[in-house]
Amino acid sequence: MAKPTPSLMDTIVSLCKRRGFVFQASEIYGGIGNTYDYGPLGVELKRRVKDAWWDRTVTRRSDVVGLDSAILQNPRVWEASGHLSNFTDPLIDCKTCKGRFRADKLEDAHCLLKPSLHPGECDGELTEPRAFNLMFKTNVGAVESSSSVVYLRPETAQGIFLNFLNVLNSSRMKPPFGIAQIGKSFRNEITPGNFVFRMREFEQAEMEFFVPPDENERWYEFWRRERFSWYVDLGIREEKLRLRDHDQAELAHYSTATCDVEYEYPFGWGELEGIACRTDYDLKQHSAASGTNLVYFDPQTKEHYTPYVIEPAGGIDRMALTFLIDAYAEEPLENETRTVLRFHPEIAPITVAVFPLVKKDGMPEKAHEIEDELRRARFTTFYDEKAAIGRRYRRQDEVGTPWCVTVDGDTLKEDVVTVRERDSMQQARVPVKELAAYLVEARAGWGRPAATRG
Ligand code: ATP
């Protein structure tokens, strides 16, 4: 009997484990529901995603600054933001199998007794939905009482609103301007799943862009296009992405417009990032609750006003997963199938691998020397001298390394190496002293038609 073909998600999950991208957390203790650890390659991938986001959102812009706010905040923050009363999912219980499910995501859940069926499709009796708050609660200090309760932040955004005045007063920013932050968030998701797509502990990249109210629409348009382009520029196939506008029923009561950047995952279209017009809701809520007026004084008009806010909010883990899925390809060659992750070089965990053709005649020493030089030029490198050269190429293809550099007999005589490019598998002879510049240029020209390169 033919073996069943594993689904793309299963293939990605197993590649991630085998090659050190993502491991199940606490694996040797049997794991802990939908919590993951990132291995040596995964942590590089995530770092690249964060760097690329920060570079485009903060470093390259004169109108956005960064922030790193605390995970634990005064609990009144979550009262004012609405999270204590509204950050809930509708939860239902099955009286028969004792499972607990999200009422609005029954299609993603499975009956505990008959896993091939969704809850409600079996004979089990379901309760009415009730609101379940997703915030993790804990206590500060040695005494556990109602006054020591704090929450792990469920989003990074509120830390930004809390620091609106601090940033305004310390940085000479004025609307329109943004404050960006990357950090961990925690949600006690009822039905986590799909690998790192939905976890209880995850990382977010959020930016609050404060604008004069009459510039709200213009900036919303700008940020929805900008965030979509970021994914395309980093190599995600455009046909797998879409911008989906929320209809009136889906909009939060304070939002004038919201859309999601969605990706077509193997399990269907899903939210990758949201871009929301949050109006002046958050600043006004915190002004009223804290007694500190979070307003901007415009020295030209001599008016105080509460800026409107455009918020692009994405998840780093979802981004990393999306880059992985989108990059994955199996490609038939003459005698074999090669697995390749077609990462954009800005995202690839290893940028260049260095091999001696054989493990003798001074080639390993020369290869180490070249690798050291590339490291000093700030490339992430990997040295490999094991197995036949073809196998070494395949191993690098499988983790998405864009270039492999091979040191051979000629290198020792003429100081020239072979550079092999991952996608075309074409090879070029490059003088060692020009190697770093060659790679810098190739990286800068990546994805652009050859005529516009250089
Ligand atoms: P979803 O509808 O999938 O639960 P959401 O609309 O609640 O997401 P937001 O509150 O808008 O999500 O958070 C912004 C981003 O944070 C999401 O677009 C997603 O990329 C990421 N994110 C949210 N929840 C999780 C989670 N449990 N695990 C991983 N990433 C998450």
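Distances longer than 18 Å among the Cα atoms of the range 1-138: what percent of all pairs is that? Working shown, then result.
Details: 7140 of 9453 pairs.
So the pairs more than 18 Å apart make up 76 percent of the total in the range 1-138.
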Using a Förster radius of 22 Å, what is the FRET efficiency between T127 and S85 based on their Cβ-Cβ separation? Nearest 0.05, please. 0.55
What base-10 log of the normalised intensity I(q)/I(0) is obtained for the range 98-223 from the Debye formula, alpha carbons as equal point scatterers, at q = 0.21, 0.22, 0.23 Å⁻¹? -1.17, -1.21, -1.26
Which parts of the range 107-138 would a label at V149 reach, counting a residue when its backbone N lies under 17 Å from a point 7 Å out along Cα-to-Cβ? 131-138
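With a sphere of radius 11 Å drawn around the Cβ of G20, what net charge do the other residues whose Cβ falls strictly inside it have (Lys, Arg +1; Asp, Glu -1)?
On the way: positive: K17, R18, R19; negative: D37, E44.
Around G20, the charge tally is +1.
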Please enumerate, by chain and number, the lysines with C-alpha under 18 Å from the C-alpha of K360, excluding those fewer than 8 residues away in the same chain. K386, K413
Diffusion coefficient, µm² s⁻¹, Stokes-Einstein with Kirkwood Rh over alpha-carbon pairs of the range 397-445 at 4 °C and 1.567 mPa s: 115 µm²/s
How many percent of the alpha carbon pairs in the chain exceed a separation of 27 Å? 62 percent
Taking the range 69-166, which GluC sites (Glu not before Pro) meet the DSSP loop condition and have no more than 14 other C-beta atoms within 10 Å? E121, E125, E144
Between the range 207-222 and the range 375-402, how far is it from one alpha carbon centroid to the other, in angstrom? 44 Å
Mark the label point 7 Å from the Cα of V358 along Cα→Cβ and return the residues of the range 372-404 whose backbone N is within less than 20 Å of it. 384-393
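Which is the longest stretch in the chain that no exposed loop site breaks, taking sites as trypsin sites (Lys or Arg not before Pro) with a DSSP loop state and at most 11 other Cβ atoms within 10 Å? Mind showing how you got there, number by number?
Working: sites that count: R60, K95, K98, R172, K302, K359, K360, R378, K386.
My reading of the result: 173-301 is the longest stretch.
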For a paramagnetic label modelled at 7 Å from the Cα of T339 toward its Cβ, which residues of the range 391-410 fall within the zone defined by backbone nitrogen distances under 14 Å? 394-401
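Multiplying the sequence separation of Q300 and A329 by 0.36 nm and subtracting their Cα-Cα distance, what value in nm do you get? Please report the intermediate quantities before stating the final value.
Numbers: separation 29, 0.36 × 29 = 10.44 nm, distance 5.62 nm.
In short, 4.8 nm is gained.
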Taking K114 as the anchor, which lysines have their alpha carbon closer than 26 Å to its alpha carbon, excluding any fewer than eight residues away along the same chain? K3, K95, K98, K105
Exactly which GluC sites (Glu not before Pro) in the range 252-341 are in a DSSP loop and have at most 11 other Cβ atoms within 10 Å? E334, E336
Stretchable slack from V140 to H118, in nm (0.36 nm times residue separation minus alpha-carbon distance): 3.9 nm
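Using the eigenvalues of the Cα gyration tensor, what equivalent ellipsoid semi-axes result for the range 268-360 when each is taken as the square root of five times the eigenvalue, whole Å, largest first?
Details: eigenvalues 532, 63, 25 Å².
They are 52, 18, 11 Å, listed from largest to smallest.
Using a Förster distance of 56 Å, how high is the FRET efficiency between E434 and A288, based on the Cβ-Cβ distance and rounded to 0.05? Don't skip to the answer; put the middle values down first.
On the way: r = 63 Å, r/R0 = 1.12.
The computed FRET efficiency comes out at 0.35.
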For the range 70-125, compute Rg over Rh where Rg is the Cα radius of gyration and Rh is the Kirkwood radius from the inverse mean 1/r over Cα pairs. 1.22
Check cross-link reach from K302 to the lysines: straight Cα distance under 16 Å, and skip same-chain residues fewer than eight apart. K174
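Count charges around T156 for me, please; just the other residues with Cβ under 10 Å from its Cβ, Lys/Arg as +1, Asp/Glu as -1.
Details: positive: R153, K184; negative: D68, E155, E203, E206, E208.
Net of charged neighbours comes to -3.
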Taking amide H positions as placed in the peptide plane 1.01 Å from N, state which residues far from T96 in sequence (5 or more) or on other chains have amide H under 5 Å from it. E125
Computed FRET value (nearest 0.05) for R237 with D108, which takes r as the C-beta separation and R₀ as 22 Å: 0.35
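Read the figures in this text as sums done on the coordinates, not as results from a lab. None of these values were measured; they are calculated from a predicted model. Positions of Cβ are backbone-derived with ideal geometry, glycine not excepted, and every protein chain shown enters the neighbour counts.
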